[in-house]
Structures are given as C-alpha cells and as structure tokens.
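The values are calculated or read from the model by the stated rules, or taken from the named source; none is laboratory data. On a predicted model such as this, the values are computed, not experimentally measured, just so you know. With ideal geometry, Cβ positions are generated from the backbone for all residues, glycine too; neighbour counts draw on all protein chains shown. Side chains included, ligands, DNA and RNA excluded: accessible areas come from the protein's heavy atoms. Shrake-Rupley method; radii C 1.70, N 1.55, O 1.52, S 1.80 Å.
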Amino acid sequence: MITLKFYPERFGKERKEHSLEFSRDKLLKDYLAEAGYQADGNDVIIEGKVFDRFDVPIDNQSEIIVTPKIELGAIAGAIGTLITWAQAHPFIFWGLVLMSGYSIYSAVSASMRMRNFGTSGLGIDESSPTYGWDGIRTIQEVGAPVKIVHGRHRTGGNIINQFISSDGDKQYLNLLIAGGEGPIKSISSIQLNGNPIENYTDVEVTTRLGTNDQTVIPGFEDLHNVYNINAQLLKNASYVYTTVASDVEGFDLYFTLPGLYQVGSSGAFQSWAVTYRVEYKLHADEEYTDLGEVTISGKSQPTVRRNYRKDGLAAGQYNISITRTSDDSSAEPQKSGDLYLASVDEIQTDDLEYPNTVLVAIKALATNQLSGSTPNVTWIEEALLVSAPAVLTTEGGDLVDWEDYYYDPEDEVFRLFADNSALYWDGETFVDQWCANPIWCLKNDMLNTRYGVGEHITTDNIDADELLTEALYCETKVPDGEGGYEKRFRLDIVLDSRTDLQDVLIQITAAFRAFPFYSQNGYSFKIDKPVDTDLPYKQIFGMGNLVKGQFKNGWKSKNEIYNWIEAQFCDLDNDYQDESIVDRDDTGIEAGDPI
C-alpha cells in the first residue's frame with residue numbers, strides 16, 4: 001500500500017490523504033496520476049527527498065507528500081551565481097555579506113535557508129520527530145540522531161527498551177525512552193497521546209537527567225528483545241523457538257487464551273484448566289532441560305494472559321520447546337481454552353546506566369485508557385546545561401536564574417527584570433547552567449567533544465570577546481508586546497535531524513537575525529544590528545573604486561515582491577502545537593497587486 005498526502009498549504013495543517021494499491025509495474029508518476037495530482041508547481045517528497053524525476057519505481061509502504069513549491073522568484077534567480085561563487089569562496093563571501101547591509105542579508109538568507117527546509121532532508125525539516133508533518137512524536141528507530149535540546153521545548157524521544165510484564169491477570173507496558181544529550185535541567189508536563197499523564201491510573205514514571213554518574217532505573221536492569229509469535233499450541237505438538245540473539249541469559253514467554261471455561265450439563269459456565277510443558281537447551285546441545293508443567297485454570301470469557309519467565313542462563317543461543325499437554329478445546333462437551341504463544345522476550349542482563357543520556361521510563365497498566373498500541377510520550381525539557389556568565393545577586397552571592405535578568409548596555413551591568421536592581425558579574429567567570437542565550441548554546445555545540453565539533457574547533461579558534469559582545473546584545477531587554485519586557489533573543493529548539501553543520505547553523509542563526517562567520521578555523525556569529533558608522537571596517541562605494549562599465553543596477557517588478565507571508569511555528573502558549581501566522585499587504589492586494 002502507498003500513502004499519498006497532499007498539503008494545499010506547504011506549512012498548513014489541512015491535508016488530503018489517499019491510499020493507493022502498490023504494484024511493481026507502477027512508477028511514481030502513475031501514483032500521482034491515480035490520485036489526480038501533477039508534479040508541475042508542486043514538490044514531490046519521499047522520505048525527506050524531493051524528486052525531480054517521476055519515471056522511477058518506489059518501494060511498497062512509501063509515503064508520498066505533495067505540496068506547493070516554495071517560489072523564491074527573482075531573488076533566487078538574481079543571487080544564483082552569487083551562491084555558486086559563495087560555495088567556492090565561503091570565507092570571503094560571508095565576510096562580504098556581513099559588511100554589505102540588510103538587502104544582501106535578506107536575499108541570501110531567503111535562498112540559503114529555504115533551499116533545505118522541508119526538501120532535501122538536511123536541517124530542521126519534516127524528517128524531524130519534533131518539527132515533522134505529524135507533530136511531536138516518540139520514535140523507535142535504530143541509527144536515529146541523538147537529539148540536542150536548547151532552551152525549553154516539548155519533545156519526544158527514541159524508545160530503547162520496551163517489554164510487557166505481568167502480575168497475574170494484569171499486564172504492564174514498560175518503556176525506556178532516550179531523551180537526548182544531557183545533562184539537562186528538568187523534565188516536566190509528561191503527556192501520553194496528548195493527555196497529561198496525571199489523567200491515567202496505575203502509571204509510574206522515572207526520569208534521569210543525563211548526568212555522567214546517573215544510576216540504573218529499577219525495572220530496566222535487563223535488555224529485552226520481544227518477538228511476536230502468535231502460534232497456537234495443540235496437544236502433544238511441540239513448538240520449538242530458537243532465539244535470535246546468541247547471548248541470551250533468560251527468556252519470558254507470553255501466552256494468551258481467548259476465553260477459558262467449560263459449560264456444564266446444566267448450561268452453567270465452569271472453570272477449566274490448560275497445562276503446558278517448557279523445555280530448553282543450548283542450540284548446539286542434544287538434550288533438553290525439562291522445566292516441568294504449568295497449569296492455567298480459571299473461568300473467563302475475556303482473554304486470559306499469562307507469562308512464564310526463566311532467568312539465570314549462561315549467555316548463549318537457545319532452543320525453547322513449548323508443548324500443550326492437556327486436551328484441546330472441544331465443541332461437545334463445550335470446552336474453550338485455545339492456548340497461543342503470543343510472543344517471546346529474549347533477555348540479556350546488563351545494568352545499563354546510559355551515562356549522559358536523558359531517560360524517561362514509563363510503566364503503565366494496560367486499561368481501557370491505555371491499550372492496543374505504544375503510546376506517544378512527550379514532555380517539556382529544560383535542556384542542556386551550557387557555559388554562561390556567572391551572574392550573582394552580589395559579589396560572593398547566589399547564582400541568578402538566566403530568565404530573571406537582562407543586560408543594561410548603557411551602564412554595562414546585568415539587572416533583575418523584577419525591580420531593575422543591579423547584579424554582579426566579574427566579567428570572566430562562567431559556570432555550567434541552564435541558559436537559552438543562542439550564542440552560548442552554539443558555542444557549547446562547537447566546543448563539546450562528545451556531541452559537538454570540539455575535536456576540530458577549540459577555544460584557540462574562537463574570538464571570545466566578539467562572542468561576548470554578540471551574547472550581551474541577545475541579553476538586552478525589549479518590549480514583549482504584553483506590557484512587559486523580555487530578552488531580545490533566545491533559542492528554544494530541538495535538533496533531531498541528520499544534518500550538515502553549515503546548513504543547520506544557517507537555519508539556527510535565523511532565530512536571532514545572524515549569520516555564522518567562519519574565520520581562524522572556527523565559527524563566529526554576526527548579528528544584523530545597528531553599528532557605529534565610524535567603525536574602521538565600513539566600506540564606501542563610489543566612482544573612484546568601481547571598475548568603469550561594470551556597475552549595474554535594477555529594480556523588481558510587483559510580481560517579484562512578496563506581499564503575503566505565512567510562517568509556521570511551535571506555539572509555546574498552545575503547548576507547542578503547530579500554529580501559523582500570516583502577514584499580508586491587504587491594501588495592495590485589494591488594489592489589484594498580484595499575490
């Protein structure tokens with residue numbers, strides 16, 4: 001089966017979905033035609049890649065996304081040669097961009113950022129479990145990038161351990177979810193399938209913040225690999241299962257009986273019993289070890305569930321033989337007790353602490369609230385601790401929370417938002433703390449040797465004074481639009497896509513109106529802001545320094561000027577759900593200007 005989703009607005013929520021029969025004889029263009037869509041004017045995306053050829057076959061179970069192209073118009077055409085030259089001469093190019101004013105900044109940023117968003121799979125796009133088409137979600141994938149969270153954001157994780165445990169008739173779903181790089185500040189507001197976890201009964205939550213010395217989460221001392229079997233066991237017909245892993249140290253067998261009862265001569269429901277035998281041996285051995293018979297008895301029309309666990313085995317590959325030894329179900333007299341081996345859990349004992357990895361563990365009773373499929377688990381994460389100025393209440397006083405202060409550039413001092421009182425910083429002491437200043441977050445990513453590029457960039461490659469100047473500009477206060485004040489720039493973002501460093505830096509720096517600038521074998525970040533015109537690096541162009549006949553100028557037509565902009569964002573005030581905002585020139589459009 002092929003799924004085709006059409007989004008009439010590229011970043012909108014509305015979509016039309018089609019289910020198409022898969023055939024090896026069909027090409028991509030055949031599926032588009034069957035659903036009634038054309039490639040002209042649309043991007044056709046499969047697994048994060050935009051296709052420009054449609055006479056190709058695609059795999060079964062593929063998801064095709066069709067959505068209008070992002071038209072860059074004359075801007076893209078005008079700077080195409082510039083971008084090609086920039087790729088060949090990046091150091092010179094970025095220097096010219098940062099010194100040549102806002103018009104070039106706007107043009108280049110439009111092309112450089114949009115060329116990756118939602119198309120090639122590089123950067124922050126629909127391949128992200130956070131920013132994808134389906135909203136924030138939990139994944140279970142091998143080889144997925146280990147995410148990095150900066151600031152504060154709702155996020156999911158990657159399930160690294162999942163199994164079912166039983167306590168009599170009660171079954172519990174156990175999930176261990178990796179939440180990305182640590183250490184972080186906090187985890188809060190956990191949700192299951194979009195609902196607060198407090199709305200569910202019999203759910204236990206345990207977290208770890210990703211420290212280097214964190215302890216094992218109880219109940220997850222073992223590694224579990226669960227394989228679905230769903231084989232019916234008949235009397236005296238042994239079912240033999242060979243473990244997939246070669247270092248199994250225990251196993252857990254899960255049985256289901258879709259009803260367990262017998263009907264007496266009077267027509268009343270009565271108890272009945274089913275018996276099975278379990279034997280095991282190392283795969284290469286000849287003889288089995290008999291673990292004896294187990295009896296399941298009861299009177300139940302709903303499904304009965306039981307498990308059988310064996311621990312303490314020497315690591316190896318095993319054959320497990322299960323044999324039903326009691327009578328099968330029958331119609332006359334009516335006896336119902338079909339026995340199924342639902343799944344086998346191969347267990348390896350290893351007390352994994354997962355140092356430096358954020359962990360969220362869920363143990364949930366299967367109820368009518370929570371059953372059937374693995375729930376989508378999300379939470380709000382106050383993220384990575386990064387090195388930032390140690391701003392204190394007074395000299396020798398307490399550390400002030402990053403969100404509680406701002407920087408006053410006139411008096412060159414940090415102040416509290418609450419009462420504007422002056423705080424203390426000695427100008428050189430930094431401490432690891434929760435911080436959403438984009439400069440300090442990106443500096444952390446550059447220098448970190450575990451998940452950043454610290455093996456290639458060191459403090460010797462960074463202009464600390466320049467970074468401090470840009471960071472303090474981010475800390476200045478501006479009106480928040482609601483009668484108060486906030487910091488000029490902050491970075492609340494989840495990085496969970498496989499991406500190229502240059503591409504993701506260009507996208508991230510858009511959050512604080514900046515560009516990455518590569519110099520001295522390291523990155524700096526230049527924010528587009530008013531500057532002193534008497535600075536020595538200004539450049540004045542006139543007839544005295546232009547080559548005769550080489551100067552050209554031009555103007556755009558109304559068809560090339562944007563007058564309708566739609567932006568999609570994760571709205572903090574709506575629990576990080578996708579929202580859209582529109583800005584358009586209604587006066588011009590009503591007067592007849594082309595949209």
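Is it true that some residue in region 106-125 is more than 17 Å from residue 361 (Cα to Cα), surrounded by 18 or more Cβ atoms within 10 Å (Cβ to Cβ) and modelled with pLDDT of 85 or more?
No.
Taking residue 205 as meeting all but one of (1) within 25 Å of residue 346 (Cβ to Cβ); (2) outside any loop (DSSP other than H, G, I, E, B), write down the number of the exception.
With respect to (1) within 25 Å of residue 346 (Cβ to Cβ); (2) outside any loop (DSSP other than H, G, I, E, B), residue 205 is out only on (1).
Give 259, 298, 264, 312 a once-over and let me know the one that is over 20 Å from residue 328 (Cα atoms) and among the small types (Gly, Ala, Ser).
Numbers: 259 fails: over 20 Å from residue 328 (Cα atoms); 298 fails: over 20 Å from residue 328 (Cα atoms); 264 fails: over 20 Å from residue 328 (Cα atoms).
Selected residue: 312, the only one of 259, 298, 264, 312 that is over 20 Å from residue 328 (Cα atoms) and among the small types (Gly, Ala, Ser).
If we keep just the residues of region 482-532 that are touching a His at 6+ places or on another chain (Cβ under 6 Å) and β-branched (Val, Ile, Thr), which is farthest from residue 438 (Cα to Cα)? Spell out the reasoning first.
Restricting attention to region 482-532, the residues satisfying the condition of being touching a His at 6+ places or on another chain (Cβ under 6 Å) are 491-494.
So of that shortlist, the ones also β-branched (Val, Ile, Thr) come out as 493-494.
On the way: 493: 10, 494: 13 Å.
Within region 482-532, the match that is farthest from residue 438 (Cα to Cα) is 494.
Condition check: small (Gly, Ala, Ser) and open to solvent by 40 Å² or more (accessible area, probe 1.4 Å). Does residue 471 satisfy that? Break it down into steps so the answer makes sense when it comes.
Details: small (Gly, Ala, Ser): yes; open to solvent by 40 Å² or more (accessible area, probe 1.4 Å): no.
It is false that residue 471 is small (Gly, Ala, Ser) and open to solvent by 40 Å² or more (accessible area, probe 1.4 Å).
From the list 402, 440, exactly one residue is closer than 22 Å to residue 181 by Cβ, surrounded by 19 or more Cβ atoms within 10 Å (Cβ to Cβ) and more than 23 Å from the chain's Cα centre (by Cα). Which is it?
Step by step, each of 402, 440 is checked, and only 402 is closer than 22 Å to residue 181 by Cβ, surrounded by 19 or more Cβ atoms within 10 Å (Cβ to Cβ) and more than 23 Å from the chain's Cα centre (by Cα).
Report the residue count in region 474-494 for those that are assigned to a loop (DSSP other than H, G, I, E, B) and surrounded by 15 or more Cβ atoms within 10 Å (Cβ to Cβ).
In the first step, residues of region 474-494 are kept if they are assigned to a loop (DSSP other than H, G, I, E, B); the result is 480-484, 488-492.
If we keep only those that are surrounded by 15 or more Cβ atoms within 10 Å (Cβ to Cβ) as well, we get 488-492.
Residues meeting the conditions: 5.
If we scan region 269-283, do we find a residue that is within 32 Å of the chain's Cα centre (by Cα) and in a strand (DSSP E or B)?
Narrowing region 269-283 to residues within 32 Å of the chain's Cα centre (by Cα): none.
No, that holds for no residue.
Within region 234-244, identify whether any single residue is part of a loop (DSSP other than H, G, I, E, B) and open to solvent by less than 30 Å² (accessible area, probe 1.4 Å), and answer yes or no.
Residues of region 234-244 part of a loop (DSSP other than H, G, I, E, B): 234, 236-238, 243-244.
Okay, now just the ones that are also open to solvent by less than 30 Å² (accessible area, probe 1.4 Å), so 243.
The answer is yes; a qualifying residue exists.
Among the numbered criteria (1) at pLDDT below 95; (2) in contact with a strand residue (DSSP E or B) (Cβ under 7 Å, 6 or more places away or on another chain); (3) within 30 Å of residue 451 (Cα to Cα), which one does residue 360 miss?
(1)
Would you check if there is a residue in region 209-231 being under 16 Å from the mean Cα position of the chain (by Cα) and not in a strand (DSSP E or B)? Quick ask: steps written out before the conclusion?
The first filter runs over region 209-231 and keeps only residues under 16 Å from the mean Cα position of the chain (by Cα), leaving none.
No, because not a single residue in region 209-231 is under 16 Å from the mean Cα position of the chain (by Cα) and not in a strand (DSSP E or B).
Go through (1) buried (at least 16 other Cβ atoms within 10 Å of the Cβ); (2) among the polar types (S, T, N, Q); (3) not in a loop (DSSP other than H, G, I, E, B) and name the single condition residue 497 misses.
(3)
Does any residue in region 282-297 that is farther than 15 Å from residue 238 by Cα and open to solvent by 60 Å² or more (accessible area, probe 1.4 Å) come within less than 7 Å, Cβ to Cβ, of a residue that is modelled with pLDDT of 95 or more and among the β-branched types (Val, Ile, Thr) six or more places away or on a different chain, and which pairs are these?
283/242; 295/275
Tally time: how many residues in region 305-316 are open to solvent by 40 Å² or more (accessible area, probe 1.4 Å) and part of a loop (DSSP other than H, G, I, E, B)? Lay out the reasoning, then the answer.
Narrowing region 305-316 to residues open to solvent by 40 Å² or more (accessible area, probe 1.4 Å): 305-312, 314-315.
Applying the additional criterion that residues be part of a loop (DSSP other than H, G, I, E, B) yields 311-312, 314-315.
Total meeting the criteria: 4.
Within region 517-533, identify whether any single residue is at pLDDT below 90, part of a helix (DSSP H, G or I) and either more than 29 Å from the chain's Cα centre (by Cα) or loosely packed, with under 15 Cβ neighbours inside 10 Å (or both), and answer yes or no.
No, region 517-533 contains no residue that is at pLDDT below 90, part of a helix (DSSP H, G or I) and either more than 29 Å from the chain's Cα centre (by Cα) or loosely packed, with under 15 Cβ neighbours inside 10 Å (or both).
Could we say that residue 505 is within 28 Å of residue 407 (Cβ to Cβ), assigned to a loop (DSSP other than H, G, I, E, B), open to solvent by less than 90 Å² (accessible area, probe 1.4 Å) and touching a Pro at 6+ places or on another chain (Cβ under 6 Å) here? Don't jump to the end; show me each part of the working.
Details: within 28 Å of residue 407 (Cβ to Cβ): yes; assigned to a loop (DSSP other than H, G, I, E, B): no; open to solvent by less than 90 Å² (accessible area, probe 1.4 Å): yes; touching a Pro at 6+ places or on another chain (Cβ under 6 Å): yes.
It is false that residue 505 is within 28 Å of residue 407 (Cβ to Cβ), assigned to a loop (DSSP other than H, G, I, E, B), open to solvent by less than 90 Å² (accessible area, probe 1.4 Å) and touching a Pro at 6+ places or on another chain (Cβ under 6 Å).
State all residues of region 317-356 that are in a loop (DSSP other than H, G, I, E, B), surrounded by 15 or more Cβ atoms within 10 Å (Cβ to Cβ) and touching a residue at least 60 places away in the same chain (Cβ under 8 Å); if no residue qualifies, say none.
Residues of region 317-356 in a loop (DSSP other than H, G, I, E, B): 317, 325-329, 331-334, 337-338, 350-356.
In the following step, the residues that additionally are surrounded by 15 or more Cβ atoms within 10 Å (Cβ to Cβ) were identified as 317, 326, 328-329, 337-338, 352-354, 356.
Correct list: 317, 326, 328, 337, 338, 352, 353, 354, 356.
Which one of these does residue 185 not meet: (1) touching a Gly at 6+ places or on another chain (Cβ under 8 Å); (2) farther than 30 Å from residue 296 by Cα?
Only one criterion in (1) touching a Gly at 6+ places or on another chain (Cβ under 8 Å); (2) farther than 30 Å from residue 296 by Cα is unmet by residue 185, namely (1).
Does region 385-398 hold any residues that are open to solvent by 40 Å² or more (accessible area, probe 1.4 Å) and either in a strand (DSSP E or B) or of a type in the set (D, E, K, R) (or both), and which are they? Can you show your working first?
Just the residues of region 385-398 that are open to solvent by 40 Å² or more (accessible area, probe 1.4 Å), to begin with: 385, 387, 393-396, 398.
Passing the criteria: 385, 387, 395, 398.
Would you check if there is a residue in region 564-577 being among the β-branched types (Val, Ile, Thr), over 30 Å from residue 382 (Cβ atoms), free of Cβ contacts under 8 Å to residues at least 60 places away in the same chain and part of a helix (DSSP H, G or I)? If you could, list the steps in order and put the result at the bottom.
The initial filter retains those residues of region 564-577 that are among the β-branched types (Val, Ile, Thr), namely 565.
If we keep only those that are over 30 Å from residue 382 (Cβ atoms) as well, we get 565.
Next, only the ones that are free of Cβ contacts under 8 Å to residues at least 60 places away in the same chain stay: 565.
Next, from what is left, pick out any that are part of a helix (DSSP H, G or I): none.
No, every residue in region 564-577 fails to be among the β-branched types (Val, Ile, Thr), over 30 Å from residue 382 (Cβ atoms), free of Cβ contacts under 8 Å to residues at least 60 places away in the same chain and part of a helix (DSSP H, G or I).
Identify, please: which residue in region 149-167 is small (Gly, Ala, Ser) and over 20 Å from residue 218 (Cα atoms) and is, among those, surrounded by the most Cβ atoms within 10 Å (Cβ to Cβ)? Break it down stepwise before answering.
First, the residues of region 149-167 that are small (Gly, Ala, Ser): 151, 156-157, 165-166.
After this cut, where a residue has to be over 20 Å from residue 218 (Cα atoms) as well, the list is 151, 156.
On the way: 151: 21, 156: 25.
Among them, the one singled out is 156.
Among the strands (runs of 3 or more DSSP E) contained in region 399-458, which hold 1 or more residues that are within 24 Å of residue 493 (Cα to Cα) and in contact with a Leu (Cβ under 8 Å, 6 or more places away or on another chain)?
Numbers: elements: 405-408, 413-416, 430-434.
By residue number, 405-408, 430-434.
Out of everything in region 189-219 that is of a type in the set (Asp, Glu) and modelled with pLDDT of 90 or more, what residue ends up being surrounded by the fewest Cβ atoms within 10 Å (Cβ to Cβ)?
The qualifying residue surrounded by the fewest Cβ atoms within 10 Å (Cβ to Cβ) is 213.
Out of the residues in region 406-432 meeting the condition of being of a type outside the set (Asp, Glu) and touching a residue at least 60 places away in the same chain (Cβ under 8 Å), tell me which one is surrounded by the most Cβ atoms within 10 Å (Cβ to Cβ).
In the first step, residues of region 406-432 are kept if they are of a type outside the set (Asp, Glu); the result is 406-407, 409, 413-418, 420-425, 427, 429-431.
Subsequent filtering for residues that are touching a residue at least 60 places away in the same chain (Cβ under 8 Å) retains 406-407, 409, 414, 417.
Values: 406: 21, 407: 23, 409: 12, 414: 21, 417: 14.
Only one residue tops the list, namely 407.
Which one of 186, 128 is modelled with pLDDT of 90 or more and more than 27 Å from residue 347 (Cα to Cα)?
186
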